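Since the structure comes first, as structure tokens, the remarks are kept for the end.
The values are calculated or read from the model by the stated rules, or taken from the named source; none is laboratory data. Keep in mind that this is a model prediction, so the values were computed, not measured. Don't worry about glycine lacking a Cβ; one is built from the backbone with ideal geometry, like all the others, and counts go over all protein chains shown. Ligands, DNA and RNA are excluded from the accessible area calculation, which covers all protein heavy atoms including side chains. Shrake-Rupley method; radii C 1.70, N 1.55, O 1.52, S 1.80 Å.
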Amino acid sequence: MTSKRIHPSAIISPDAEIASDAEIGAFAIVGENCTIGSGCIVSPRATLERNVALGENVKVGVGTILGGPPQDLKYAGEETTVEIGEGTVIREYTTINRGTAHSFKTTVGRNCLLMSYVHLAHDCHIGDNVILSNVVQLAGHVIVEDRAIISGLSAVHQFVRIGRHSFIGGCSRVSKDIPPFLKAVGNPVKLYGLNTIGLQRSGMDDATILELKRAYRLLFRSDHNVTQAIVQAQNELEPLSEVKELIRFVEASERGVVI
């Protein structure tokens with residue numbers, strides 16, 4: 001650590017581990033048992049309450065609070081953590097709470113973007129390359145898989161799972177699982193086909209996208225019930241890994257999937 005990189009008004013716990021090239025702004029607070037990796041920037045008035053681990057090159061915005069206690073009446077003071085993956089950017093006034101005894105941690109993956117006023121409740125687990133737009137609010141135990149995008153002012157019910165490469169439009173109320181590769185929006189939220197543009201941008205080939213479109217029509221827009229649709233999809237569609245993933249997601253959903 002050097003005095004030039006840590007503002008003299010910052011409050012740092014004696015047991016915090018801070019990389020020599022990390023920057024900590026004015027009036028920031030770094031609490032006990034926190035680890036700040038190389039290249040990290042903790043902006044002015046940001047707070048790492050306790051048990052927070054930042055991977056390399058994480059940026060924490062002004063006024064953000066990481067590692068606050070869970071907002072869960074069942075929480076009994078267990079030692080739980082917040083873990084942020086390398087390259088992730090967390091913008092202003094975001095709050096990320098520690099986990100509970102359910103999983104003992106709240107995690108955000110690598111190279112994510114969490115925009116201003118995002119809230120992640122206890123035991124949320126966010127994959128890599130996820131984008132959460134302004135004022136996205138996730139209740140406890142939500143899982144967001146890799147490369148999913150949730151647009152601004154959306155709220156997600158506890159225990160919901162959001163599949164990879166999915167896209168949720170703004171001001172949505174998400175109370176059931178969102179399958180991978182699909183678009184959803186609304187209050188209540190509804191599916192609106194394949195996230196074609198997102199999949200093309202990720203480099204997915206046209207043949208796979210076409211087969212996923214067929215899977216979408218069979219699973220969500222046919223006259224079959226879920227069991228019948230899954231059987232037909234398994235019999236008629238190419239056995240691509242992405243198609244299998246979509247089918248497995250629907251089969252494994254505990255809350256039920258949005259339709």
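What to note about this one:
- For the stretch 43-87, the per residue solvent-accessible surface stands at 45 Å², with DNA, RNA and ligands left out and a 1.4 Å probe.
- Both radii come from the Cα set of the stretch 194-259: Rg as radius of gyration, Rh as Kirkwood radius; their ratio Rg/Rh reads 0.96.
- Radius ratio Rg over Rh of the chain, counting only Cα atoms, Kirkwood formula for Rh: 1.05
- C-alpha long axis of helix 206-220 to longest principal axis of the chain, angle in °: 80 degrees
- Taking a ≥ b ≥ c as the square roots of the eigenvalues of the Cα gyration tensor, the stretch 127-196 is classed as rounded, since a/c falls below 1.5.
- Centre-to-centre, using Cα atoms only, the stretch 167-187 and the stretch 11-33 are separated by 38 Å.
- Divide the volume of the convex hull around the Cα atoms of the stretch 114-259 by the residue count and you get 94 Å³ per residue.
- In degrees, nearest ten, helix 226-236 long axis to first principal axis of the chain (Cα): 70 degrees
- Note: relative contact order over the stretch 1-118, using C-alpha pairs below 8 Å and six or more positions apart, is 18 percent.
- Calculated mean residue ellipticity at 222 nm for the chain: -5000 deg cm²/dmol, from DSSP H runs with n ≥ 4 weighted as -39500 (n - 2.57), summed, divided by the residue count and rounded to 500.
- Here each label is just a point 7 Å from Cα along the line to Cβ, and for ASN33 and ILE11 those points are 1.9 nm apart.
- Take every pair of alpha-carbon atoms less than 8 Å apart whose residues are at least six positions apart; their mean separation over the length of the stretch 110-259 yields a relative contact order of 15 percent.
- The slack in the chain from ARG255 to SER20, taken as 0.36 nm per residue of separation less the alpha-carbon distance, amounts to 80.0 nm.
- Given +1 at the Cβ of Lys and Arg, -1 at the Cβ of Asp and Glu and no other charges, the dipole of the chain around its Cα centre is 800 debye to the nearest 20.
- Cα shape, the stretch 101-143, gyration tensor, a/c 1.5 rule: oblate
- Over 18 Å between alpha carbons, listed pairs LYS74/LYS105; LYS190/LYS213; LYS190/LYS244: LYS190/LYS244
- The listed residues ASP15, ASP123, ASP206, ASP72, once ranked by accessible area (1.4 Å probe) with the largest placed first, stand as ASP206, ASP15, ASP72, ASP123.
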